[in-house]
Structures are given as structure tokens and as C-alpha cells.
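All remarks here apply to the structure that follows.
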Amino acid sequence: MAKIDAFFKLMHEQGASDLHLASGSPPVLRIRGELHRVKYKTLDNDELKAMLYEIAPEDKIKVFEDTGDIDFGYEIPGIARYRANFFMQKNGIAAVFREIPSEVLSAEKLGLPQIMTKLAMLPRGLVLVTGPTGSGKSTTLAAIIDHANKHRKDHIITIEDPIEFVHKSKGCLVNHREVGSHTKSFTAALRGALREDPDIILVGEMRDLETISLAIEAAMTGHLVMGTLHTISAPKTVDRIIEIFPTNQQEQVRSTLADALRAVISQTMFKRIDKPGRCVAFEILIATPAVRNLIREAKTYQIPSAIQTGKKYGMQTLDDAIMDLLQKGWIDPNEAYNKCVDKAKFKPYATQIDDITEA
């Protein structure tokens, strides 16, 4: 057993989502969104470096020493997988570990809206799950892939950096590919995937123009492509995809994206106040003919209105989702106010409003 495993076991026992280890500081756990220091001595650079290098693959250590940053996956059988990131900071080496549960939670256990399981059964198109870091995008995508794995008889390829949730082949054949270990890059893996007879392609993160372009191409050529983006709303997601292309290509991209897109799920995480834990508010955009026309005509500013009037298709605004959580008594009114779009709608519920938040 590696020395660092004791911290992972503590992390698991405490229900922490993240473990922070940094030279010059004691260990820190993130529990239900808040940081808590572990009662342990301040970590020395040399001691922490030895502890971290014990679990890192040799090739990853070399990359880290060359660049000062590295990502990889680590697993303790029977407990969990961990997404690891090493980086250098003022006092020396540091690392952050995100726990990935061994069990893939189903859409039902997560309480996902029913429309999300329907998305898992689409024959083709582009489905995007977006939100800030730590908002649960990977968990949502894993549940959607799990539903497809149970109810389809197809080939699923996942491309991630690193591999997070591991899906055992059920109705589907599932192949996991890790950037850096099994393929050079997301773009190389996506190009290869088109020759590997996939039905569903999961792209862990759509980071750049080439990856986004290939993902759209794959969606247009008869595959169901799912991926994540770090955007804060469905309309911003559409804008982000278009704006990453050169100006002279954007008109064509609008048309292609309008044809390829099937849905955008944008999620925001909240701390629960009724019991320990967290919950998620989902904004859901379904690419109806009306929404596709708005994308083609560069009228994405009208998408929120289309979501508001598209409830019969399974659409919902972020504010409606937040209001539902608030009325259930699950979330704090002040956090609801801070994270909503229409501040006036939530202002009567809030008790702490400052000038910066209100602006």
C-alpha cells in the first residue's frame, strides 16, 4: 500500500470530493463544497514529492518535471478512482485529487430529469454537458452513458484525460481510451474513432477548435457524440463553440452546429441545507426546429425565451430549476440568489445581498 493511500481512505470516510496536498501546508479536504484542514503536520516538499512520485507512472513523472503540470488517474481497488493533478507552486510540489466513485450512479439514483435518459437513446447528434469545474458534469455524463450501456447494443468509445468513470460492458461494448496513455491527443483519438465502428463517442473535454470541429463532424456522420465544455449556460455554450472558429468560418459553423446539435445540459451545483450533501440545478436546451433556426440566424440571445416556452420538449431554465430546489427546502435562499440569472425573481427570498452580487 502506498503511503498516500491513508489520505485517500480518510477522504473516502469523510465523504470528501477533493484532497489538496501542498508543500508548506497541512493536507486539506473539500467536504460538501468547503475546505477543511486535516489534523496533520505541515507537508515538507521532499516528503510530499516522494509520496506523490510513489503512485505516479514514470512517463508522467518525466512530463511533470519537464512542464510543471500533469494529469493522470489512480485507483485503489474496492474504494475509488482518483483524478490526479500535480503542479508546482511557490513552496514546492502540490497535488489535487478528485474522487471518482467506483460505482456509476444511475440516472434514477441521481434524480436526473427524464429527458436525459432519452438523450442516451438518440441515434446520432451532439449532446453537451456544461458547467463550471466541480459542478458534476462527469457524473451526469456517466449516468447517461450508463443508461445507453444498459439499453442499447452498440459500441461506445470514451476519450478522456484521464479516464474517470469505468463502465463495464453490458448491452454495449465499451472501450476506454486515455489521452497520453492510449492516444496522443483528443483530436488523434477522435480521428481514429471514426475508423473504429463506434455508435457513441464520449469526449471528456472539448478544449480546442480541432477537437470541437471533429466532434461536430462525427455527429454529422451518424454518431452520437457526447462531451463537456466549461461554459455557464446553454446560450453561452452555443456562442462559445461558434466563436472558437475563425470569423470567416462562423457562418458555416452556425449552420453545421444547428444541424448537429441535439441538446445542451448546463448545470450548477448547490450545497444542501436539509441534509449533508449537494444537489444540482439543470438548464436544459433541446434543439427543436425553432432553436436550430435561432442558431443559424445568429439569434442565440433569444434562446432563453425558447427554453422558457419549450417545457413540453423537456426544456427548463436554470432559474426554474433553482426555484424548484428552493421551494423543496433543499438549498439556501442566498446561494440561490447568488447563482440565479434573474436576480429580481429571487430577491424576495434572499436575506444577504451585497452590491457586488447584485451587480
Here is a list: 336, 344, 290. Which entry is more than 25 Å from the chain's Cα centre (by Cα) and either within 23 Å of residue 135 (Cβ to Cβ) or in the same structural domain as residue 141 (by TED's automatic domain parsing) (or both)?
290
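Quick check: is even one residue across the stretch 53-60 outside the structural domain of residue 204 (by TED's automatic domain parsing), within 23 Å of residue 135 (Cα to Cα) and among the charged types (D, E, K, R)?
No, the conditions are met nowhere in the stretch 53-60.
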Could you figure out which of (1) of a type outside the set (Ser, Thr, Tyr); (2) surrounded by 14 or more Cβ atoms within 10 Å (Cβ to Cβ); (3) farther than 30 Å from residue 335 by Cβ isn't true of residue 77?
(2)
Got at least one residue in the stretch 247-259 being crowded, with 19+ Cβ neighbours inside 10 Å and in contact with a Phe, Trp or Tyr (Cβ under 6 Å, 6 or more places away or on another chain)?
yes
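Every residue, every condition in (1) charged (D, E, K, R); (2) out of contact with any strand residue (DSSP E or B) (no Cβ under 6 Å at 6 or more places or on another chain); (3) in contact (Cβ under 8 Å) with a residue 40 or more places away in the chain, yes or no:
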site	(1), (2), (3)
214	no, yes, no
217	yes, yes, no
227	no, no, yes
239	yes, yes, yes
Go over the candidates 186, 165 one by one and state the one that is without any contact (Cβ under 8 Å) to a residue 40 or more places away in the chain and either aromatic (Phe, Trp, Tyr) or under 24 Å from residue 278 (Cα atoms) (or both).
186
Looking only at residues that are over 20 Å from residue 72 (Cβ atoms) and among the acidic types (Asp, Glu) in the stretch 1-53, which one is modelled with the lowest pLDDT?
34
What pairs come up if the first residue lies in the stretch 314-331 and is at positive phi and modelled with pLDDT of 95 or more, the second is in a loop (DSSP other than H, G, I, E, B) and surrounded by fewer than 18 Cβ atoms within 10 Å (Cβ to Cβ), and their beta carbons are under 7 Å apart, counting only those six or more places apart or on different chains?
314/113; 329/274
Quick one: which residue in 2, 6 is among the small types (Gly, Ala, Ser), exposed (fewer than 15 other Cβ atoms within 10 Å of the Cβ) and more than 18 Å from residue 83 (Cβ to Cβ)?
6
If we keep just the residues of the stretch 9-55 that are under 18 Å from residue 93 (Cα atoms) and touching a residue at least 60 places away in the same chain (Cβ under 8 Å), which is surrounded by the most Cβ atoms within 10 Å (Cβ to Cβ)?
19
Only one residue in 298, 290 is in contact (Cβ under 8 Å) with a residue 12 or more places away in the chain and in a loop (DSSP other than H, G, I, E, B). Which one?
298
The one condition residue 234 fails out of (1) on the phi < 0 side of the Ramachandran plot; (2) buried (at least 16 other Cβ atoms within 10 Å of the Cβ); (3) at pLDDT 95 or above is (3)
Options 195, 262, 207; residue that is modelled with pLDDT under 95, farther than 30 Å from residue 17 by Cα, out of contact with any His (no Cβ under 8 Å at 6 or more places or on another chain) and not in a helix (DSSP H, G or I)
195
Odd one out for residue 88 among (1) among the aliphatic types (A, V, I, L, M); (2) free of Cβ contacts under 8 Å to residues at least 40 places away in the same chain; (3) surrounded by 19 or more Cβ atoms within 10 Å (Cβ to Cβ):
(3)
Of the listed residues (350, 359, 281), the one being among the hydrophobic types (A, V, I, L, M, F, W, C), modelled with pLDDT under 95 and surrounded by 15 or more Cβ atoms within 10 Å (Cβ to Cβ) is 350
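The values are calculated or read from the model by the stated rules, or taken from the named source; none is laboratory data. None of these values were measured; they are calculated from a predicted model. Don't worry about glycine lacking a Cβ; one is built from the backbone with ideal geometry, like all the others, and counts go over all protein chains shown.
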